[in-house]
Amino acid sequence: MKLSRRNLIAAGIAAAASPAIAAAAGKGSSNAARFSLGYAPHEGSFASRGGLLEQIAYAADQGFRAWEDNEARKRPVEQQEAMARALAQRGMTMGVFVASMPKWAEFRPLLGSNDDAEREAFLADIRTSVEVAKRLNAKHATVVTGFMDRKVPVDIQTGRIIDCMRRAGDIVAPHGLTLVMEPLNTRTNHPGVYMQSIAQGYAVARGANSPGVKILADLYHEQIQSGNLIPTLEACWAEVGYIQFGDNPGRKEPGTGEINYANIVRWLRGRNYGGVIGMEHGNSLAGREGEDRLVAAYRAIDQI
């Protein structure tokens with residue numbers, strides 16, 4: 001078969017990445033070299049290593065510099081404090097936790113609806129999340145801007161959600177906390193959500209005009225819904241506050257799907273991104289084999 005220039009380039013990238021993956025996967029136990037970017041595993045990424053604190057310790061031994069925990073708000077105060085101590089002792093940054101968890105099965109909240117009660121309940125969650133963030137030393141918390149209300153025109157919903165997020169920003173900004181709104185895909189995971197793209201998040205963040213309100217750019221969701229990842233990040237970068245990785249299809253580690261995460265990492269380095277990159281995905285293989293492969297996948301994109 002005749003090779004095109006594009007095929008030759010792709011083959012070269014694959015050849016360069018394969019030794020890094022193989023070498024990292026073969027190490028198995030500890031890899032003390034710290035990653036150049038703040039990739040953040042979560043509970044379950046290294047489930048075979050023990051409980052939450054043991055997994056944090058193992059992640060640190062592999063060179064990970066950050067951690068995230070969607071469920072942290074629900075944990076007992078003692079566990080939140082223990083996690084914060086473990087991260088501080090290892091020099092790791094706390095990433096996001098979810099400040100206000102949607103009721104997924106009920107398709108709620110409807111933050112753009114005619115009912116002020118939905119917005120007030122959301123803001124009450126934001127107020128109580130401030131103390132959680134302080135305990136965790138967290139600077140970012142995830143929010144989902146709810147679901148579409150089919151009875152209300154989209155533009156009216158947008159205006160109400162902008163107002164709601166501005167009020168939320170007023171609550172958290174004095175405490176050094178930033179709420180990052182997560183656009184979600186409707187094609188595979190979350191039908192009916194209001195915010196479906198980074199571009200839509202950009203519009204809401206600009207309208208809210210608050211240092212306490214930014215976008216969580218989860219590239220798994222964006223790839224499914226819109227694609228065009230790097231140009232979208234470029235256009236919306238002023239309002240992006242946090243990044244999450246996950247390949248598509250399957251929502252597993254980089255290298256298991258169609259997203260060229262090596263190029264994403266290059267772009268982030270070019271932007272001097274020093275924030276957390278949440279590993280918002282599962283492992284493609286079970287057990288320790290999958291955990292080794294997870295570390296190897298991030299080592300590969302970090303080294304290219």
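The values are calculated or read from the model by the stated rules, or taken from the named source; none is laboratory data. No experiment lies behind these values; they were computed from the predicted model shown. For neighbour counting, all protein chains shown are included, and Cβ atoms are generated from backbone atoms with ideal geometry for every residue, glycine included.
A few remarks follow.
Residue-by-condition table, conditions (1) surrounded by fewer than 18 Cβ atoms within 10 Å (Cβ to Cβ); (2) modelled with pLDDT under 50; (3) of a type in the set (D, E):
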| position | (1), (2), (3) |
| --- | --- |
| I9 | yes, yes, no |
| A32 | yes, no, no |
| A47 | yes, no, no |
| L53 | yes, no, no |
| I56 | no, no, no |
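- Taken together, the criteria exclude N248 from residues that are modelled with pLDDT of 95 or more, in contact with a His (Cβ under 7 Å, 6 or more places away or on another chain), buried (at least 16 other Cβ atoms within 10 Å of the Cβ) and not basic (K, R).
- When region 194-213 is limited to residues that are hydroxyl-bearing (S, T, Y) and in contact with a Ser or Thr (Cβ under 7 Å, 6 or more places away or on another chain), the one that is surrounded by the most Cβ atoms within 10 Å (Cβ to Cβ) turns out to be Y194.
- Counting the residues of region 198-242 that are more than 24 Å from N70 (Cα to Cα), in contact (Cβ under 8 Å) with a residue 40 or more places away in the chain and within 17 Å of the chain's Cα centre (by Cα) gives 0.
Each row is one residue, and each column tells you yes or no for (1) over 17 Å from the mean Cα position of the chain (by Cα); (2) closer than 22 Å to P231 by Cβ; (3) crowded, with 18+ Cβ neighbours inside 10 Å.
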| site | (1), (2), (3) |
| --- | --- |
| P254 | no, yes, yes |
| R266 | yes, yes, no |
| R271 | yes, yes, no |
| V276 | no, no, yes |
| H281 | no, no, yes |
| E291 | yes, no, yes |
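- Pairs with Cβ under 9 Å, 6+ apart, first in region 83-103 and in a loop (DSSP other than H, G, I, E, B), second β-branched (V, I, T) and surrounded by fewer than 23 Cβ atoms within 10 Å (Cβ to Cβ): F97/V132; P102/V193
- The criterion of being without any contact (Cβ under 8 Å) to a residue 40 or more places away in the chain, out of contact with any Phe, Trp or Tyr (no Cβ under 8 Å at 6 or more places or on another chain), assigned to a helix (DSSP H, G or I) and among the basic types (K, R) does not hold for R187.
- Within the option set R108, R187, R167, being over 27 Å from H42 (Cα atoms), modelled with pLDDT of 95 or more and charged (D, E, K, R) holds for one residue only, R167.
- Output for region 68-86, where each listed residue is surrounded by fewer than 22 Cβ atoms within 10 Å (Cβ to Cβ) and aliphatic (A, V, I, L, M): V77, A82, A84, A86
- Summed over region 111-166, the residues that are over 18 Å from E182 (Cα atoms) and basic (K, R) give a count of 5.
- Output for region 151-182, where each listed residue is out of contact with any strand residue (DSSP E or B) (no Cβ under 8 Å at 6 or more places or on another chain), of a type in the set (K, R) and within 18 Å of G212 (Cα to Cα): R160, R167
- Residue check for D149: surrounded by fewer than 20 Cβ atoms within 10 Å (Cβ to Cβ) and among the acidic types (D, E): no
- Cβ separations smaller than 7 Å between residues 6+ apart or across chains give the following pairs from region 57-69 residues that are in contact (Cβ under 8 Å) with a residue 24 or more places away in the chain to residues that are among the β-branched types (V, I, T) and not in a loop (DSSP other than H, G, I, E, B): Q62/V295; R65/T93; A66/T93; A66/V276; W67/I56; E68/V276.
- Test result for Y58, among the aromatic types (F, W, Y), assigned to a strand (DSSP E or B) and either in contact with a Phe, Trp or Tyr (Cβ under 7 Å, 6 or more places away or on another chain) or on the phi < 0 side of the Ramachandran plot (or both): no
- Scanning region 149-184 for residues that are hydroxyl-bearing (S, T, Y) and in a helix (DSSP H, G or I) turns up just one, T158.
- Pairs where the first residue, in region 43-54, is assigned to a loop (DSSP other than H, G, I, E, B) and the second is basic (K, R), C-beta under 9 Å, 6+ apart: F46/R288
- Single residue of T178, T158 found to be surrounded by fewer than 23 Cβ atoms within 10 Å (Cβ to Cβ) and in contact with a His (Cβ under 7 Å, 6 or more places away or on another chain): T178
- Evaluation of A173 against (1) surrounded by 20 or more Cβ atoms within 10 Å (Cβ to Cβ); (2) farther than 25 Å from S226 by Cα (one fails), failing number: (1)
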